[in-house]
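The values are calculated or read from the model by the stated rules, or taken from the named source; none is laboratory data. Not measured: the values here are computed from a predicted model. When we count neighbours, we look across all protein chains shown, and the Cβ atoms used for this are built from the backbone with ideal geometry, even at glycine.
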Amino acid sequence: MSTGDNILPGNLGFWDMTAALKFVRENIRAFGGDPNKITVWGASSGGAAVSALSLSPHSRAVWPKQLVRGQIIPREEQFQYDRNRFVQFIKNYVAPEEYFGSKAKEIQEKILAFYTKEAPESADYKCWFQKYSQLISDTTMNLPQLEEAKLRAEHDWPVYFYHTEYFNNDAIKETFNGDIPVKAS
C-alpha cells in the first residue's frame, strides 16, 4: 500500500522481506542449511511478493535461484485481452483436462458461464480483464477465505468479514493513463 508520498511511500514490506532473506542467507549454515539453496514460496499475494522479490536487484542477489510459477498478462497484451484468451485461460490453467479428466469440459463450461453471464457481446478488453481478475481473486483469495470462515464458524469461532477498497490513482496513472480497468481482491 502507498499513499504516494513520504508518509507511506510503499514497498516497506518488501524491504522487510529483503532484510529477512539477508538474515537467512547469513545464518542458514548455523542450522545446517545451504545459503545457495534458499526456497521462497508464496500463494496469492505471497506469490506476488515472491515474484516482486525475484525481480528486485535488492533481493535477488541474496536469493540467487528463483522458481516462480504464476499467471500474468504481459503489459503489452493487456489491451488485447478478449473472450478467447479468457476461455483459453480457463481451459489451460483453471480447469485443465489433466486435472479434471472427462469432467474438464463440463467444469470449464460452468466456470465460463458463471463469469460471462453479464458480459455484453461487444465486450472490450476492460470487461475481459475484469473477468480474469475476478476469477483470479475468487480462486486465490475469496474462496479460500470463505472456506476458512465456514470451517471456523463450524467450530464455534467468532468470524467477522470486512471488505475495504483503496486505490492510489497516482501509482497507476502511467500504466493505464489514469483509467483503472479492473478492481479485484
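If you go through the range 86-141 and pick out every residue that is assigned to a helix (DSSP H, G or I) and among the small types (Gly, Ala, Ser), you end up with 6.
Which of the residues that make up the range 148-169 are in contact with a Leu (Cβ under 9 Å, 6 or more places away or on another chain) and modelled with pLDDT under 90?
Scanning the range 148-169 gives a single hit, PHE161.
Scanning the range 32-57 for residues being surrounded by 15 or more Cβ atoms within 10 Å (Cβ to Cβ) and in a loop (DSSP other than H, G, I, E, B) gives a total of 5. Mind telling me which of the residues ILE7, ILE38, ILE28 ends up being touching a Pro at 6+ places or on another chain (Cβ under 6 Å) and among the hydrophobic types (A, V, I, L, M, F, W, C)? Just one listed residue meets the conditions, ILE28. The set of residues from the range 109-135 being surrounded by 11 or more Cβ atoms within 10 Å (Cβ to Cβ) and over 11 Å from PHE86 (Cβ atoms) comprises GLU109, LYS110, PHE114, ASP124, LYS126.
Within the range 4-39, take every residue that is in contact with a Ser or Thr (Cβ under 8 Å, 6 or more places away or on another chain) and touching a residue at least 24 places away in the same chain (Cβ under 8 Å) and give me the one that is nearest to ALA52 (Cα to Cα).
Applying the first criterion (in contact with a Ser or Thr (Cβ under 8 Å, 6 or more places away or on another chain)) to the range 4-39 yields 8-11, 14, 17-18, 21.
This time we only want the ones that are touching a residue at least 24 places away in the same chain (Cβ under 8 Å), so: 10, 14, 17-18, 21.
Details: GLY10: 13, PHE14: 8, MET17: 11, THR18: 11, LEU21: 13 Å.
So, considering only residues that are in contact with a Ser or Thr (Cβ under 8 Å, 6 or more places away or on another chain) and touching a residue at least 24 places away in the same chain (Cβ under 8 Å), the one nearest to ALA52 (Cα to Cα) is PHE14.
State yes or no: is ILE136 farther than 26 Å from ASN11 by Cβ, out of contact with any Ser or Thr (no Cβ under 8 Å at 6 or more places or on another chain), of a type in the set (A, V, I, L, M) and touching a residue at least 40 places away in the same chain (Cβ under 8 Å)? For ILE136, the condition - farther than 26 Å from ASN11 by Cβ, out of contact with any Ser or Thr (no Cβ under 8 Å at 6 or more places or on another chain), of a type in the set (A, V, I, L, M) and touching a residue at least 40 places away in the same chain (Cβ under 8 Å) - is not met.
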